[in-house]
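The values are calculated or read from the model by the stated rules, or taken from the named source; none is laboratory data. Keep in mind that what you see is a predicted model, and the values were worked out from it rather than measured. Here the Cβ positions follow ideal geometry from the backbone for every residue, glycine too, while neighbour counts run over all protein chains shown.
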Amino acid sequence: MRRRSVISVLVLAAVTLTACSRDPETAKREFLASGDKYLADKKYTEAILQYRNAIKEDAKFGDARMKLTDAYLATGDVRGALGESVRAADVMPNNVDAQLRAGSLLLLTGQYREARERALAAIAQDPKNPRSLILLGNALAGMKDIDGAIQQIEQAIDQDPKLTFSYTNLGDLYAAKGDRDSAERAFESAVQISPKSIDTHLGLANFLWAQRRLDEAERELKAAAAIDPQSVLVNRTLAAFYIGQGRSAAAQPYLERYAKGMKTVEARLMLADFYVANKNIEAATKLLNEIVKEPQGLSSATIRLAMLDFRGGRKPAAYARLDGILAKQPKDEAVLQAKARLLLMEERNSEALRVTESLIAANPEAPTNQYLRGLALETTGSLQDATAIYVNLLKANPSSVPVQSRLAMVYLRQKNAKDALTYAEQVVKAEPQLASAHFVYAQALLQSGNISRAEQELTALVKAAPQSPEVHVTLGMLYEAKRDKVRARQSYQRALALQPASIPALAGIVSVDLSEKNNAAAITRIESQMAGRPDDADLMALYGMALASVGEPAKAEAAYQRVIEISPGNIDAYTRLAAIYLAQNRIDDARGRYEEVLKRDPKSVSAETMLGMILAAQNNPAESRKHYERALELDPHAPVAANNLAWDYATNGGNLDLALQLAQAAKSALPGNASVSDTLGWVYYKKGLASLAVTALQQAATQDPSSSNIRYHLGLALVEQGNKPEARKALQDALRLNPSFAAADDAKRTIATLSKS
């Protein structure tokens, strides 16, 4: 029993001691003191924890809430600081400092009415406190009561004429009111009272800078720099001042001091960008190689280094840098965006499209991701999908000039002159000095038939951008439309002189030559270019078209065969070559030629493909199919064979699932080709997938607005979908484009059926 009594006494003593040590008043003071020590040592996380512990002991402990406000501010958590400062002011209504602290943070976050109430609470305790009067003035300014604000600041000055920031505040208010003389006097008073204050000199400098009194502004900025040469604020302001005037050499030392003083990744990246802009690549590279070693700067610095590699011709190194980051961080948006941009610049459009798929998967709502996706879709020929993205982006940001520009250009490519003109006009209005905006506007005017207005725009552009080959080509097209062949030729020749490899410029001159029956000159002109560019598929295709138009089918045939050798996926070359054989009724001869090719080279994909097309023209689908299948055995990625075989399966009763696989493969390889989009849509239609068929066929119609067959297929798919009004329109468009196309009778019957239903 005695043993139990001793134990009971010890337990009771322990409980009593614990209760004493947890006395709320004592505990909160201990937590406060501990928090103060951590705060002094800049251990902000620990300080915040201790201040919170103090508040748990006493929710009305105002001192702890004030200190917690300080700790939050030290970590940059303005939201947390604001909340605690307001609570501190609420529990200490008679504490002027608490009211002023809360009011200042409310002012900072744009809550002007609430800031005014805190200022009035402080004034009630101390009516002559200049800080309270200044807070009230700034709150009134935020509420657009400039006169009331000026009155309060002037009262603050009356209470303490030596309070420097009152004068700078007053100067800002007078400047906002438009009273420049009073504003200048206020800023100068601040400098006179505190000539050793960088803030007063900066205030006057910014005022003078805004008035474009640059020499005087520079004098004040240098006065501030003389007071504190290491001030990050002064150095950044001076750097911005000189950069704004194009005085990069003067800006550099100040920007370097700013970056050194701030020691942040952002400041050093700013300096690196400055070096790049001023072609100091060595300094930029050195700095970026330092930043890339820090976790916070890894992505940003890597992207910049990759851009430098790319511009320096080291493209594999550029991609290697980006892929190195993506191997560890596959969803790094900034790196994915950079890679997409590089691929688009290189016109590796299908690869860019795949990268934008990753971007959309990572963050589908980001406008930049959507914009890059739109660019990739646009470059791969998916114009309707790109248009849909741009339209949605404009809903979120109706004044986005880049998006308006892209829409104008996409509508131009779709031959939609009306909408192209609408968006081009918006861009010109928003950016009247932007030459590219006027160029798109001129093209839209030309396409819409407003020749005179287009000519005004293009003539002005030639003066503003005389070195732009694209402008001269477009002007040449305009003169051709006016049948002014002399000036058309001059414009095309000027474009070709500026860009000797320009196919559009050369095609323009050739077009003029041919229209003037100067056939020999046209052919010679192309041949002179071919001597230096024998493997240019576009140039060879132009040669084939010119030869065909002047009645040289044999040479045109050879040219198209060469195009196919250079670019096996050029479906247009196959089609034109087949057309030559049909026009000459040389199908059997052509068949024999390609059979001979296969004897010499049994692995010739192009020969197998051409034989497939020839046999299809001879109405021998079974044999045609064998050659397409053989071509795909030799090269599973052969897009022309895949497209044609898919069409054959869909039209002649083949495996529709396999047809869909083939059509999708062809679409992946040739996304911008109308025939390929038509094939995919037709396969979807045959499989009963009307909605998918309509989407693909609408894209095909956009890619080739002149094709009756595509409009006919679209009409049938729309009928299947149940959209009779649009179906009727598509079928009528098909007949309007070519009243006697192969399926014209069926189109008429279908329209009649729709009219009855």
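A few remarks follow.
- Some residue of segment 300-312 being among the hydroxyl-bearing types (Ser, Thr, Tyr) and touching a residue at least 60 places away in the same chain (Cβ under 8 Å): no
- Test: GLY672 is farther than 19 Å from ASP704 by Cα and outside any helix (DSSP H, G or I): no
- Flag if LEU255 is buried (at least 20 other Cβ atoms within 10 Å of the Cβ) and more than 27 Å from GLU154 (Cα to Cα): yes
- In summary, helices (runs of 4 or more DSSP H) completely within segment 137-227 and bearing 2 or more residues that are acidic (Asp, Glu) and over 24 Å from GLY110 (Cβ atoms) occur at 146-159, 180-193, 214-227.
- Conditions (1) among the aliphatic types (A, V, I, L, M); (2) in a loop (DSSP other than H, G, I, E, B); (3) crowded, with 19+ Cβ neighbours inside 10 Å: number failed by ALA742: (3)
Residue-wise test of (1) over 18 Å from ARG101 (Cβ atoms); (2) in contact with a strand residue (DSSP E or B) (Cβ under 9 Å, 6 or more places away or on another chain); (3) modelled with pLDDT of 85 or more.
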residue	(1), (2), (3)
LEU10	yes, no, no
LYS37	yes, no, yes
LYS43	yes, no, yes
TYR51	no, no, yes
ASP70	no, no, yes
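- Condition met for TYR441 (surrounded by 15 or more Cβ atoms within 10 Å (Cβ to Cβ), among the hydroxyl-bearing types (Ser, Thr, Tyr) and closer than 23 Å to THR356 by Cα): no
- Residue match in segment 655-665 (condition: surrounded by fewer than 18 Cβ atoms within 10 Å (Cβ to Cβ), assigned to a loop (DSSP other than H, G, I, E, B) and either on the phi < 0 side of the Ramachandran plot or hydrophobic (A, V, I, L, M, F, W, C) (or both)): yes
- Here ASN280, ASN289 are screened, and the one residue that is in contact with a helix residue (DSSP H, G or I) (Cβ under 8 Å, 6 or more places away or on another chain) and within 21 Å of GLY313 (Cα to Cα) is ASN289.
- Within segment 720-739, if we keep just the residues that are within 19 Å of LYS756 (Cβ to Cβ) and crowded, with 21+ Cβ neighbours inside 10 Å, the residue that is nearest to the chain's Cα centre (by Cα) turns out to be ALA730.
- If you go through segment 666-689 and keep only what is modelled with pLDDT under 90 and small (Gly, Ala, Ser), you end up with ALA666, SER668, ALA669, GLY672, ALA674.
- Of the residues examined, VAL676 is not one that is touching a residue at least 12 places away in the same chain (Cβ under 8 Å), farther than 26 Å from TYR411 by Cα and surrounded by 24 or more Cβ atoms within 10 Å (Cβ to Cβ).
- For beta carbons closer than 8 Å, sequence separation of 6+ or different chains, a first residue in segment 697-725 that is free of Cβ contacts under 8 Å to residues at least 60 places away in the same chain and a second that is of a type in the set (D, E, K, R) and in a loop (DSSP other than H, G, I, E, B), the qualifying pairs are ILE710/ASP704.
- For the condition modelled with pLDDT of 80 or more and among the polar types (S, T, N, Q), THR164 does not qualify.
- Residues that are under 20 Å from ASP160 (Cα atoms) and surrounded by fewer than 20 Cβ atoms within 10 Å (Cβ to Cβ) within segment 199-216 comprise just one, ASP199.
- Taken together, ALA47, ALA33, ALA71, ALA54 contain a single residue that is loosely packed, with under 15 Cβ neighbours inside 10 Å and of a type in the set (A, V, I, L, M), which is ALA33.
- Number of positions in segment 551-571 that are without any contact (Cβ under 8 Å) to a residue 40 or more places away in the chain, of a type outside the set (S, T, N, Q) and either surrounded by 16 or more Cβ atoms within 10 Å (Cβ to Cβ) or assigned to a helix (DSSP H, G or I) (or both): 12
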